[in-house]
1. Under a Cβ-Cβ cut-off of 15 Å, what is the net charge of the residues other than residue 56 that fall near it, where Lys and Arg count +1 and Asp and Glu count -1?
2. Okay, helix-only estimate at 222 nm for the chain: each DSSP H run of n ≥ 4 adds -39500 (n - 2.57), divide by all residues, round to 500 deg cm²/dmol; what do you get?
3. Work through the residues other than residue 66 whose Cβ is under 15 Å from its Cβ and net out their charges, Lys, Arg +1 and Asp, Glu -1.
4. Compare the Cα positions of 11, 156, 128 along the charge dipole of the chain (+1 at Cβ of Lys, Arg; -1 at Cβ of Asp, Glu; about the Cα centre) and return the one farthest towards the positive end.
5. Considering the values (1) 40, 39, 31; (2) 60, 31, 27; (3) 49, 34, 23, which represents Cα extents along the principal axes in Å as calculated for the structure under consideration?
6. Could you give the nm distance between label points at residue 138 and residue 122, where each point is 7 Å from its Cα heading toward the beta carbon?
7. Mean Kyte-Doolittle hydropathy of -0.5 or higher plus an axial Cα length of 20 Å or more: which whole DSSP H helices in the chain meet both?
8. Among 58, 36, 112, which residue has its Cα furthest toward the positive end of the charge dipole of segment 3-154, with +1 on Lys/Arg Cβ and -1 on Asp/Glu Cβ?
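Here, each number is a calculation from the coordinates, and none is a lab measurement. Because the structure is predicted, anything quoted here is derived from the model rather than measured. Quick reminder, even Gly has a Cβ in these numbers, built from the backbone with ideal geometry, and neighbours come from all protein chains shown.
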Amino acid sequence: MGAEIYEATSGSDIAAVKEIFLKYIRFIEDYLGQSIGFQNTDEEFKTFPDMYRALFIAKLDGVPVGACGVKAFKPDIAELKRLYVLPEGRGHKIGERLTRIAIDFSKDAKFSQIYLDTDRGLTHANAIYEAFGFKDIDRYYENPMGCSRYMALSLCAP
């Protein structure tokens, strides 16, 4: 069957995205050795998926293995959030495909840019974002961690 990626709209798909996002939070907090609660994650998951303009799910042979979200950071700027592929989904270019669908959604929604933040040590994720043309930018939100990398991609045709 292979990998399929699409916008999560059903209750079961939204629940699966939430579960993947929570696994991402645990992964990133273990990796960083500290909480990312400063991102208001308690409120995010209490009202999930209210803050998102779109959620995308990746399934491998029908099993959820990856997800990401797009939210409006500003009226004309989207933000790519919580892109994560579970270990059992890796090796199928799902991270690249999730990034592409989030970019395409943001363009279609008429955002002029899409922002993201990542950790410099997550080299595979950084390589994906760089391959899509994301460029380093100044910190765009209050973040007490010094290891974050902030990136943006222009969605306007040159």
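1. Numbers: positive: 18, 53, 59, 71, 81, 82, 93, 97, 100, 107; negative: 4, 7, 13, 19, 79, 96, 104, 108.
Net charge around residue 56: +2.
2. Values: 4 runs with 52 residues, N = 158.
Dividing the helical sum by the residues of the chain leaves -10500 deg cm²/dmol.
3. Working: positive: 18, 23, 59, 81, 82, 90, 93, 97, 100; negative: 4, 7, 13, 19, 61, 88, 96.
Local charge sum for residue 66: +2.
4. Projecting each Cα onto the dipole axis, the largest value belongs to 156.
5. Checked against the structure: label (1).
6. 2.4
7. Going by DSSP H runs, the hits are 11-32, 94-108.
8. Value computed over the given set: 112.
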